[in-house]
Amino acid sequence: MLYPWVPAEEVGEADLAKVREFFAGRPVLEFSLTSVAEFPGAVVYAVPEPDGELRATMRALWALYPEYPPYRRPGSDPPPHCTLGRLEGDHAITFEQVAARVEPLLPVSCVVEEATLMEEFEPDRCRVRETFSFGR
């Protein structure tokens, strides 16, 4: 929902309470992952549709923390997406490889009832710090 966020060492109980309250006031999200696309040179991702409520939730969350814009780019408004693989780096995969593996499985219906705050505890190693339930 939000990347990057407050640096892990700076996240306090007040931040967690603020985000907990935010998600409690949002409806459960329902959408399907319908196709595969790419951010050229960066990642391959699955496209959620419809994306209106998901997009509204993302924008509202970003508005809570304007000092931490998405991808560190003030004014950016990236589309909702589900990253499937990177196009560069040690574990790079091609768009064609992802499409061949994933497209036969689509569409995938999704019901999102909670958001998860992950924290990196070692390089490229993450764990769940907290989950936030959506309102009903």
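The values are calculated or read from the model by the stated rules, or taken from the named source; none is laboratory data. This is a predicted model, so every value here is computed, not measured. For neighbour counting, all protein chains shown are included, and Cβ atoms are generated from backbone atoms with ideal geometry for every residue, glycine included. What goes into the accessible areas is simple: the full protein's heavy atoms, side chains included, and nothing from ligands, DNA or RNA. Shrake-Rupley method; radii C 1.70, N 1.55, O 1.52, S 1.80 Å.
Take the Cα gyration tensor of the range 1-132, multiply each eigenvalue by 5, square-root it, and list the three semi-axes largest first, rounded to whole angstrom.
26, 19, 14
With each run of n ≥ 4 DSSP H residues scored as -39500 (n - 2.57), what mean residue ellipticity at 222 nm is computed for the chain after dividing by its residue count and rounding to the nearest 500 deg cm²/dmol? Walk me through the intermediate numbers first.
Values: 3 runs with 33 residues, N = 136.
The helix-only estimate for the chain comes to -7500 deg cm²/dmol at 222 nm.
Any idea what the dipole of the range 1-116 comes to, in debye rounded to 20, about its Cα centre with Lys/Arg Cβ at +1 and Asp/Glu Cβ at -1? Before the final figure, lay out each step's value.
Working: 9 positive and 18 negative charges, 36 e Å.
For this selection, approximately 180 debye.
Would you mind calculating the gained length between ASP90 and GLU120 on full extension (0.36 nm times residue separation, minus the Cα-Cα distance), in nm to one decimal? Write out the running numbers ahead of the final one.
Values: separation 30, 0.36 × 30 = 10.80 nm, distance 1.82 nm.
The ASP90-GLU120 span can extend by a further 9.0 nm.
Taking one equal scatterer on every alpha-carbon of the range 54-116, how large is log10 of I(q)/I(0) by Debye at q = 0.29 1/Å?
-1.18
Please give the per residue accessible area of the range 18-136, computed with a probe of 1.4 Å over protein heavy atoms only, in Å². List each step's numbers first, then the result.
Details: 7550 Å² over 119 residues.
Accessible area per residue: 63 Å².
If you fit an axis through the alpha-carbon atoms of helix 52-64 and take the longest principal axis of the Cα set of the chain, what angle between them do you get, 0 to 90°, nearest 10?
That works out to roughly 40 degrees.
Residues with beta-carbon under 12 Å from that of GLY41, excluding GLY41: net charge, scoring Lys, Arg +1 and Asp, Glu -1?
Working: positive: ARG86; negative: GLU38, GLU88.
For residues surrounding GLY41, the net value is -1.
For the chain, which whole percent of the accessible surface, found with a 1.4 angstrom probe, sits on carbon and sulfur atoms? Before the final figure, lay out each step's value.
Details: 4400 of 8530 Å².
Carbon with sulfur: 52 percent of the solvent-accessible area.
To the nearest 20 Debye, how big is the dipole of the range 1-67 about its Cα centre, given +1 on the beta carbon of each Lys and Arg and -1 on that of each Asp and Glu? Walk me through the intermediate numbers first.
Numbers: 5 positive and 11 negative charges, 34 e Å.
In debye, rounded to 20, the range 1-67 gives about 160.
State the answer as a single residue: which of TRP62, ALA17, PRO50 lies farthest towards the positive end of the charge dipole of the range 1-120, with beta carbon charges of +1 for Lys and Arg and -1 for Asp and Glu, about the Cα centre.
Comparing the listed Cα positions along the dipole, PRO50 ranks first.
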